[in-house]
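Report on the following structure.
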Amino acid sequence: MFTTEDIVKLRKRTNAGMMDCKNALTETDGDLDKATEWLREKGIAKAAKKADRIAAEGLVYSYIHMGGKIGVLVEINCETDFVSRSDSFVALCKDIALHIAASRPLYINESEVPTDVLNHEKEILRAQALNEGKPEAIVDKMIEGRVKKFYEEVCLLDQPFVKDPSKTIKDIVNDAILTIGEKISIRRFTRYEMGEGLEKRSDNFAEEVAAQMK
């Protein structure tokens, strides 16, 4: 058997995706060293070796959804101009832009979450746990698990891929690194939604129907 902490340790060691780490530990009865070797044999850990290489080429990809109601700009980097013009790289950019449109991430990764935002979230989670009657001794452990869930909701790389929820966006990027053979990274994105932040008109429906019948 293995725990969530084992999955996290293996992920930090290999930079492989969460599901890949879980599968590796399942196949090796929870042995971290054997799981590391399993990932290497499968080629999954190879993506981590490219992390220090320079990726200064790429694309700024635009995606418009729902007839102009939602728009996304995302910059995804690779190492060469040749790869940036390849069909597989363009397809990756499109998939990630579509995912951003659908899933509304706020940050690229956990390190981008501002400290004050994270602390505020932890305060809310602590209050929720105490209101549920959970013992003080296990509240911090519960908060740790719920913060992970918070990251999955707001951080792009931690989110389940909208087209295949069994993989995260980080898994999708790592898969592309293995296929393409270059370092690939998501540098920044912006998501626009029509009318977002504006006060919406809320007319009474009955009055609106009556007005249209005059």
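Miscellaneous remarks
- Qualifying residue in region 124-131 (condition: among the basic types (Lys, Arg), outside the structural domain of Lys183 (by TED's automatic domain parsing), more than 30 Å from Gly195 (Cβ to Cβ) and assigned to a loop (DSSP other than H, G, I, E, B)): no
- Helices (runs of 4 or more DSSP H) fully within region 1-116 counting 2 or more residues that are within 18 Å of the chain's Cα centre (by Cα) and not basic (Lys, Arg): 4-14, 18-27, 46-49, 87-103
- Complete set of residues in region 112-146 that are in contact with a Cys (Cβ under 9 Å, 6 or more places away or on another chain) and not β-branched (Val, Ile, Thr): Glu112
- First in region 156-171 and in the same structural domain as Ser185 (by TED's automatic domain parsing) and over 16 Å from Asn15 (Cα atoms), second anywhere and part of a helix (DSSP H, G or I) and of a type in the set (Lys, Arg), Cβ under 6 Å, 6 or more apart: none
- Screening Lys167, Lys149 for residues that are assigned to a strand (DSSP E or B), of a type outside the set (Gly, Ala, Ser), at negative phi and at pLDDT below 95 leaves exactly one candidate, Lys167.
- One residue from Leu59, Leu32 being without any contact (Cβ under 8 Å) to a residue 40 or more places away in the chain, within 26 Å of Asp140 (Cα to Cα) and among the aliphatic types (A, V, I, L, M): Leu32
- Condition broken by Arg146, with the remaining ones in (1) of a type in the set (D, E, K, R); (2) assigned by TED's automatic domain parsing to the domain that holds Ala176; (3) farther than 22 Å from Thr190 by Cα satisfied: (2)
The values are calculated or read from the model by the stated rules, or taken from the named source; none is laboratory data. Being a predicted model, the structure only gives us computed values, none of them experimental. A quick note on method: Cβ atoms are made from the backbone with ideal geometry, for glycine too, and the neighbour counts reach across all protein chains shown.
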